[in-house]
Amino acid sequence: MVKKRIIQILIVLFILAPLVALAILWGNNGKTYTRDGYYFDTYVSITVYSMKDLDLLEGCMEMCEKYDNSLGRLNLGEMTMINQQAYAGVDVSDDTYYLFERALEFCDETNGAVDITIAPLLDIWGFTHDAKGNTLTDRKPSDLEIRQALKKVNYKKVKLYEGNRVKINESGVQVDLGFIAKGFVADKLKEYLVENNVESAIISLGGNVVVIGSKPDGSDYKIGIKDPDNPEGIIDSISVSNKSVVTSGTYERFVEYDGVKYHHILNTNNGYPVKTDVKSVTIISDSSLEGDALSTICLILGEEKSKDILEKYNAQAIFY
């Protein structure tokens, strides 16, 4: 397992495209072509190296919009239907059903340290945004509110049935797949590009980066790692090819109440931001879905307790 005590959010060093635009940039090997936008509550960009792959970028953006609509809790898609029709259950797409299967796998693996029914806690802490980008609250929750929300956090209340049916067996339980969804989408984007014979590309969904193959000259991609104590600085970089690189950190998403910052990775036992000896963790793996889940899990568990699960999923980790 790779070990370094330096990390933060990942960026691709030479992608500088403006938001929601097609940019033609000069990389180390000539022109690159980038399409970007804002989905999954984060900045998304896809870069290819060949003019013949240009039309595929629009297909990638269409996929992002589709998954953003179907997986977002407040976007009137499948996730919304599941949360609104608890006892009845909902027949979902193959993709959504598979995502639930994998998410529940990690819930079981960690005995609920990550839990897909954490939505009520995210809401009362102010980490949930409506369609207009507004948070659902602007104040710190009381101890009573946290205890009440915790009563609805139990992934075992979510059941999967034949025919792609997802059902919640208790009123008020709400699902949120945020700890795994972006990784899943990144994998789907990679699959789409590879099926269309793309040999070199970069997919960036916020802290989730997937690179396809190597650069056209055969060299590795360099993924920059920003300094968690200095958002303007890059403290290190890693060289990878055909890998997923995902970072989670306590610094990257937070709310501030009365001058105190509270990060978004919540303890499913007490309802407060998890206390951990890890400020951020970067996962290098073949699957971005697994990397997404593991980055959160390893941050919660800490370095020593993460060794077994990293070995199980054949992933490398860089801890700060």
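The values are calculated or read from the model by the stated rules, or taken from the named source; none is laboratory data. Note that this is a predicted model, so its numbers are computed, not measured. Positions of Cβ are generated from backbone atoms using ideal geometry, with glycine treated the same way; all protein chains shown enter the neighbour counts.
Once the stretch 275-320 is narrowed to residues that are more than 17 Å from the chain's Cα centre (by Cα), of a type in the set (A, V, I, L, M, F, W, C) and not in a strand (DSSP E or B), the residue that is surrounded by the most Cβ atoms within 10 Å (Cβ to Cβ) is Leu301. Here the stretch 49-105 is the region considered, the condition is being at pLDDT 95 or above and of a type in the set (Gly, Ala, Ser), and the residue that is nearest to Phe179 (Cα to Cα) is Ala103.
In summary, helices (runs of 4 or more DSSP H) completely within the stretch 63-140 and bearing 2 or more residues that are surrounded by fewer than 19 Cβ atoms within 10 Å (Cβ to Cβ) and of a type in the set (Asp, Glu) occur at 94-109.
Whether a residue is among the hydroxyl-bearing types (Ser, Thr, Tyr) and over 18 Å from the mean Cα position of the chain (by Cα) was assessed, and Ser219 passes this test. For the stretch 141-150, the tally of residues that are surrounded by 12 or more Cβ atoms within 10 Å (Cβ to Cβ) and outside any helix (DSSP H, G or I) stands at 1.
When we screen Tyr251, Tyr262 for residues that are more than 14 Å from the chain's Cα centre (by Cα), aromatic (Phe, Trp, Tyr) and assigned to a strand (DSSP E or B), the only hit is Tyr262.
Would you check if there is a residue in the stretch 263-271 being crowded, with 19+ Cβ neighbours inside 10 Å and out of contact with any helix residue (DSSP H, G or I) (no Cβ under 9 Å at 6 or more places or on another chain)? Yes, the stretch 263-271 contains a residue that is crowded, with 19+ Cβ neighbours inside 10 Å and out of contact with any helix residue (DSSP H, G or I) (no Cβ under 9 Å at 6 or more places or on another chain).
Selection within the stretch 278-316: residues that are without any contact (Cβ under 8 Å) to a residue 60 or more places away in the chain and touching a Cys at 6+ places or on another chain (Cβ under 8 Å). The member of this set that is nearest to Phe179 (Cα to Cα) is Ile283. Within the stretch 229-262, count every residue that is surrounded by fewer than 17 Cβ atoms within 10 Å (Cβ to Cβ), farther than 30 Å from Lys190 by Cβ and β-branched (Val, Ile, Thr). Residues flagged as surrounded by fewer than 17 Cβ atoms within 10 Å (Cβ to Cβ), farther than 30 Å from Lys190 by Cβ and β-branched (Val, Ile, Thr) within the stretch 229-262 amount to 1. Residues in the stretch 191-220 that are of a type outside the set (A, V, I, L, M, F, W, C), crowded, with 21+ Cβ neighbours inside 10 Å, outside any strand (DSSP E or B) and at pLDDT 95 or above: Ser200 only.
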